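Here's the structure we're looking at; comments come further down.
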Amino acid sequence: MIQYHDREWGVPVHKDTVLFEFLTLEGAQAGLTWQTILNKRENYRKALHGFDPTKIALYKNKDVKRLLSDSGIIRNRLKIAATITNARQFLVTRKEFGSFDKYIWRFVGGRPIRNKFDSLSQIPATTEESDAMSKELRGRGFRFVGPTICYAFMQAVGMVNDHTTKCFRYDMV
C-alpha cells in the first residue's frame, strides 16, 4: 500500500488501457478492501489479457467460466460480467470520443482538481463530478460505476489530488 501510495495513487493517467484497468479494479473492489485488489492486481492482468478491452469485449461463456474458476481474482459473477460489459462500452465510448481519456477527463475540465484537505476525514466519498460521471457511465451501459466507485477511480488516476496538504506527495502530483 505504501509503494502504491508513494508512486501511483493520484498521478494523472491518460493511457486508455490503464484507465480501463483502474475502472475495472475499482469495480472489483466494491465491498472489499483496496489491499485485497492490489494483492490480486497481477493476477487480474494475466487473467484479463493485460486489461485489453478489445480482447475482453469478445469474451464468451467459456471465458466467464475460466474467470470464475481463477482463485487469483475476485470470483464474483456480477463483477466479471460487468468487466466484459464495460469493455464493450469502453470501446464504443473510445470510438465516439477518439479516446477514453478525452471522454473521462471532461468531468474535471481536462485537468486535475487540486483539493486542499488537511486530514483524511475531510475527504468525501463522492462529489458532484463523481455523481455526474456515474450517471453518464451508467447511461452508456457501464456497470459497477456508482458515485463512490467513480470517485475512487478519479482519485486513483489523478483526476483529483486528494493527498492531504501535509502529505509529501501533495505537491508532487
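A few notes on this one:
- Residue among Lys62, Lys46 that is farther than 16 Å from Arg143 by Cα and either touching a residue at least 12 places away in the same chain (Cβ under 8 Å) or of a type in the set (A, V, I, L, M) (or both): Lys46
- For segment 37-80, a residue qualifies if it is in a loop (DSSP other than H, G, I, E, B), farther than 24 Å from Met1 by Cα and touching a helix residue (DSSP H, G or I) at 6+ places or on another chain (Cβ under 7 Å), and the qualifying residues are Asp52, Ala57, Tyr59.
- Matching residues in segment 6-28 - criterion: being among the β-branched types (Val, Ile, Thr) and either on the phi > 0 side of the Ramachandran plot or under 8 Å from the mean Cα position of the chain (by Cα) (or both): Thr24
- Within segment 99-121, the residues that satisfy the criterion of being part of a helix (DSSP H, G or I), modelled with pLDDT of 95 or more and not hydroxyl-bearing (Ser, Thr, Tyr) are Phe100, Asp101, Lys102, Ile104, Trp105, Arg106, Phe107, Val108.
- For segment 1-35, taking the residues that are modelled with pLDDT of 95 or more and more than 14 Å from Ala156 (Cβ to Cβ), the one that is surrounded by the most Cβ atoms within 10 Å (Cβ to Cβ) is identified as Asp16.
- Comparison of Val11, Val18 shows that the only residue that is among the aliphatic types (A, V, I, L, M) and within 20 Å of Arg88 (Cβ to Cβ) is Val18.
- Filter result for Thr33 (farther than 29 Å from Glu96 by Cβ and of a type in the set (S, T, N, Q)): yes
The values are calculated or read from the model by the stated rules, or taken from the named source; none is laboratory data. Just so it is clear, the model here is predicted, and its values are computed rather than measured. All Cβ positions, glycine included, derive from the backbone under ideal geometry; neighbour counts span all protein chains shown.
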